[in-house]
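Written below as C-alpha cells is the structure these notes are about.
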Amino acid sequence: MSWIDWAVFVAFLVWVVIDGLKRTRDTKSLEDYYAGGRRIPWWAAGLSIMATQASAITVIGTTGKGHEGGMAFLQTYIGLPVAMVLLCIFIVPLLRERPILTAYEYLEHRFGPFARTIASVVFLVSRCAALGIVIYAPAVVLSATTGLSRDETIVILGAVTTGYVLFGGVSAVVWTDVKQMLVIVAGLVIVLVALLMRLFEDLSLQEMLLAAGAADKLNAIRTSPASLDLLPSAGESFWTDEYNVLSGLFGGTFLMLAYFGCDQSQAQRLLTSSDANQSRKALLLSGFAKLPMQILVLFIGVLLWLFHTVDGGALRYDTAAFDGVEPAAAQALEAQFEVAESERRQRLLEFVAAPDDSGAFDAYRASVLAVDTVRAAADELVGDDDVNFIFPHFVLNELPVVIVGLIFAAIFAAAMSSADSVLNSLSAASVVDLYVRWIRPSARDSEALVAGRISTLLWGGFATASALWLAGDGAIIEQVNKIGSFFYGTLLGSFVLALLCRRAGETAACVGMLGGMATVLAVHWSVRVQFLWYNLIGCVAVVAIGWLVATIRPRDAGEPAGQR
C-alpha cells in the first residue's frame, strides 16, 4: 500500500479508538458496561448485530466463495428470515421479561442455577475454542497484502479491539460497530462499482449475467443429487452434501436460531434496548438486511470471476503460495493455466456473441472446467486453497490509492466488529454468570465493574495469544471454525425445552443439555454429517432427553417454572 493508503488506514484506527474511549463517560455500572444502560437505539443494536456477523472472512472469504462456487453459499442463509421471526415471537419475550445481563440468566429463573451455569460454560467453551480464529483468519490475509508481518497484524488487531472494549463496554462495541458497518458497506459498494465499470468495457450487463449463468455461478438454489443415500452413513450421503436447499432451510435455520437467540455475543444486543419491541426491531433489521448484504458479497465474487475471465486471472492469488514447492511442478501448472485461461476468455466471447449456439455453449463450459481443473491441481500441490486472497488481490492491483486504504480499513473494521462483540460477551458470561453468581455474590456494582474490565483485558490477551499460536499451526483452523455447531444446538435446545415442556425442571434441563452435546459428538464420530445439521440434531436431542427425564422426574413444586 502507498503512504496515502496507510494514512487512510491509520486515520480509521485512530477514529475508532478515540470514539471508543469517549464511551467511558457513560459507563458507571455493570448494567452500563454490559447492557449500555438499556439506552441503545434499536437501529444501532441491529447494525451492531449485523456487524458482528459480518466478519473479515465474510468480506474476503465469501467473495472468494462467490468467485469459486457462485451463489450456492447463499443457501446457508435461506432460513435467516424465518429464524428472525421465530426469535421475535418466542425468544425475545423470554430474554426481556426481566432486566438480565446474559441470556443464560433466564435459564436460572426457569430451571435453576445449575442449568444457567452449564449453558454459560457451554457458551464460554465454544467461543473460547474459536476465539483466536476471529483475529487470526483476517490477520493472515491482511499481513500478506499490507506488508506487515503476521504477528504484527495480530497484535495490532488484538490491542486496538481490546482497548476500546475494555474502557467503553458494550456501548463502545455497538457504536463502533455502527461506524464499522458503514465503512464495510461503503467499501463493498465501491468495489462493486469498480468491477462493473471495468467489465462494461467488454460486456453488457445482459452478457455478464448470461456468461455467469452458463458457468453455474448464479445458481443460488440446488438440491442434492438423487443418487445420494437418504440415511446417514460413514460414506457419502444426503447428509454430507454441503450446500443444498434442505440443509440451508433446516440446518441453517437452527443455526441462525441458536446463534442470534442463544449466543451471548448476539443476544447481548437484544438486552441493550429499552424494551422487547425495540429488541424485535433490532433483530428484524439485522435479519432482513443481512440477506441482501450476503447476496451483494457473493455477487461481487461472481463479478470478480468474470473480471478474471475477461481480463486475466492468476493460478494462485496468494503470491507466496509456491514457496517451498517443486519449481518444475509449479511452472508446468502455470503453463497449463495460461493456455486454459486464454481458451476460456475466447470461448466466453464466442458464447455471448451467439448464446443460442449449443456448440458455443458446450465449448464455453468445457473451457471453464479446464481452468477449474488446473486451479484445483494447484490447490492440491500447495495443500490449501486461495479463496481468501482473491478479493484483496483485486483491491491491491486494480483500485486507485485512497480507495485501497479505505477497502483495507473496511476489512480491518470487519475483523474488529466480530472480535469486539465476542470479547464483551465472554466477559459478561464470565463475570455475571460465574464470578458474581458463585464467587462474589455480595460484590458491589463498582467491584463487579472492575472485574468486568479485568475480564475483558484477560480475554483480549488470550485471544491475541491464541491467534499468535495458531500462526504456527494453521492446519487446525477449519475444524476450530466449525466448533460452534457442536454446541449451538444444545444452547437452543435448552430454551426450546423451557418453552415446550412446563414440567421440565433443573434435572431435565441439565441432563438434556449434557445429553445433547453427547449426541452430537456421537453422531460426529460414527457417521458423516455436514456440520449445519449438528445444530438441528443437538436441539432435538436436548428436547427429547429433557422431555423424557421430565416425564420420569417432573419439576418439583419448589422449582422455578418461569412465566411459560
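If you go through the stretch 205-217 one residue at a time, do you hit one that is modelled with pLDDT under 70, in a loop (DSSP other than H, G, I, E, B) and either of a type in the set (G, A, S) or touching a strand residue (DSSP E or B) at 6+ places or on another chain (Cβ under 6 Å) (or both)? Break it down stepwise before answering.
Taking the stretch 205-217 first, the residues modelled with pLDDT under 70 are none.
Checked against the condition, which is being modelled with pLDDT under 70, in a loop (DSSP other than H, G, I, E, B) and either of a type in the set (G, A, S) or touching a strand residue (DSSP E or B) at 6+ places or on another chain (Cβ under 6 Å) (or both), the stretch 205-217 yields no hits at all.
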Over the stretch 280-298, the set of residues of a type in the set (F, W, Y) and either surrounded by 21 or more Cβ atoms within 10 Å (Cβ to Cβ) or not assigned by TED's automatic domain parsing to the domain that holds L209 (or both) is none
S279 vs (1) modelled with pLDDT of 95 or more; (2) closer than 24 Å to V59 by Cα: all pass except (2)
Picking from S425, S455, the residue that is more than 20 Å from V140 (Cβ to Cβ), under 25 Å from the mean Cα position of the chain (by Cα), surrounded by fewer than 24 Cβ atoms within 10 Å (Cβ to Cβ) and assigned by TED's automatic domain parsing to the domain that holds S126 would be S455
Across (1) in the same structural domain as A159 (by TED's automatic domain parsing); (2) crowded, with 18+ Cβ neighbours inside 10 Å; (3) free of Cβ contacts under 8 Å to residues at least 40 places away in the same chain, A360 clears everything bar (1)
Determine if the stretch 66-89 includes at least one residue that is at pLDDT 85 or above, closer than 30 Å to R503 by Cα, in a helix (DSSP H, G or I) and not aliphatic (A, V, I, L, M).
yes
Result of the Cβ filter at 6 Å on the stretch 464-491, keeping first residues that are at pLDDT 70 or above and partners that are in a loop (DSSP other than H, G, I, E, B) and crowded, with 17+ Cβ neighbours inside 10 Å, at least 6 apart or interchain, is S485/F531
Going through the stretch 158-194 in order, the residues found to be more than 19 Å from the chain's Cα centre (by Cα), within 14 Å of L296 (Cβ to Cβ) and crowded, with 21+ Cβ neighbours inside 10 Å are V191
Note on the stretch 14-37: residues crowded, with 17+ Cβ neighbours inside 10 Å and assigned to a loop (DSSP other than H, G, I, E, B) are T27
Flagged pairs (Cβ under 7 angstrom, 6 or more apart or on separate chains; first in the stretch 182-195, not assigned by TED's automatic domain parsing to the domain that holds F412; second surrounded by 21 or more Cβ atoms within 10 Å (Cβ to Cβ) and in a helix (DSSP H, G or I)) are none
(request) Kindly indicate whether any position in the stretch 135-143 is among the small types (G, A, S), at pLDDT 95 or above and either within 20 Å of the chain's Cα centre (by Cα) or in a helix (DSSP H, G or I) (or both). (result) no
Residue pairs within 7 Å by beta carbon, gap of at least six or interchain, first lying in the stretch 96-114 and outside the structural domain of C510 (by TED's automatic domain parsing) and over 15 Å from S494 (Cβ atoms), second of a type in the set (A, V, I, L, M) and not in a loop (DSSP other than H, G, I, E, B), listed first then second, are none
When (1) buried (at least 19 other Cβ atoms within 10 Å of the Cβ); (2) in a helix (DSSP H, G or I); (3) among the hydrophobic types (A, V, I, L, M, F, W, C) are applied to A103, the one that fails is (2)
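Could you please let me know if A144 is over 21 Å from I49 (Cα atoms), surrounded by fewer than 24 Cβ atoms within 10 Å (Cβ to Cβ) and touching a Pro at 6+ places or on another chain (Cβ under 8 Å)? I'd like the intermediate steps shown before the answer.
On the way: over 21 Å from I49 (Cα atoms): yes; surrounded by fewer than 24 Cβ atoms within 10 Å (Cβ to Cβ): yes; touching a Pro at 6+ places or on another chain (Cβ under 8 Å): yes.
Yes: the conditions hold for A144.
The values are calculated or read from the model by the stated rules, or taken from the named source; none is laboratory data. Predicted, not measured: the structure shown is a model, and the values here were computed from it. All Cβ positions, glycine included, derive from the backbone under ideal geometry; neighbour counts span all protein chains shown.
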